[in-house]
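J.: Right, I'll just put the structure down here and ask away after.
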Amino acid sequence: LICESSVPVFDACDDTWSFEAFGLHYDLAAVLDDRGLCPIGWHIASFFDWFELLEPNPIVSNYQSPSLWQSGGGSNDSGFSAIPAGVIWPNGTHARGAGELAVFWSDYTECYADIPNCPAQSWVFFMSDNATSALDNLPNSNVYSIDGSEVPYPSAGYAEVFQHGGFSIRCLKD
């Protein structure tokens, strides 16, 4: 695994430190597994949960934790505390974006009927410190803005991705 990190002061490529600071990355199979990743009485944020959270106030710094971000962090006025854990690329060869990008799975998937042996597509929501980070670190994705910033480089938005990437999750109380 090639690790590229932008975390100030820390080495996000150090496995022990990275796990403690950022937690785990999950693929879509884990997200959709019936056994669940969240505790009983909680669920992985849905596509609609993300819009409900981000659309009324899409200013990224309101959701960023005050530390670990390349920029120094946000105000976290929302109490969300987004941690910039970055991503694991779909082929599993690269870990990128730590310190500048928080990407979270939603529980929504779709398959296009006109594609033979259709790979499942899913939606992720992201917050980025660096205008190019989301596009550069979500390869082969359709990226959409939720914060009014210009596509293809939004600082908050959502992207349609293939199922094999590794991203964070956010559990919400039922």
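Matching residues to (1) modelled with pLDDT of 80 or more; (2) surrounded by fewer than 16 Cβ atoms within 10 Å (Cβ to Cβ); (3) not in a helix (DSSP H, G or I):
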residue	(1), (2), (3)
Cys3	no, no, yes
Val9	no, yes, yes
Ala12	no, no, yes
Trp17	no, yes, no
Leu24	yes, yes, yes
Val31	yes, no, no
Asp34	yes, yes, yes
Leu37	yes, no, yes
Ile40	yes, yes, yes
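J.: If you don't mind, there's one more thing I want to ask. All but one of (1) closer than 14 Å to Trp105 by Cβ; (2) open to solvent by 60 Å² or more (accessible area, probe 1.4 Å) hold for Pro56; state the number of the condition that does not hold.
T.: (1)
J.: What residue, of Cys118, Cys111, is modelled with pLDDT under 80 and open to solvent by less than 50 Å² (accessible area, probe 1.4 Å)? Steps first, please.
T.: Working: Cys111 fails: open to solvent by less than 50 Å² (accessible area, probe 1.4 Å).
Sole residue among the options that is modelled with pLDDT under 80 and open to solvent by less than 50 Å² (accessible area, probe 1.4 Å): Cys118.
J.: For segment 47-63, check the following and say yes or no: at least one residue is at pLDDT 80 or above, outside any loop (DSSP other than H, G, I, E, B) and among the charged types (D, E, K, R).
T.: yes
J.: For residues that are crowded, with 19+ Cβ neighbours inside 10 Å and not in a loop (DSSP other than H, G, I, E, B), scanning just segment 64-100, find the one that is nearest to the chain's Cα centre (by Cα).
T.: Top of the filtered list is Val87.
The values are calculated or read from the model by the stated rules, or taken from the named source; none is laboratory data. The model shown is predicted, which means the values in this text are computed figures rather than measured ones. Note: ideal-geometry Cβ built from the backbone for every residue, glycine included; neighbour counts use all protein chains shown. These accessible areas exclude ligands, DNA and RNA; they are computed on the full protein's heavy atoms, side chains included. Shrake-Rupley method; radii C 1.70, N 1.55, O 1.52, S 1.80 Å.
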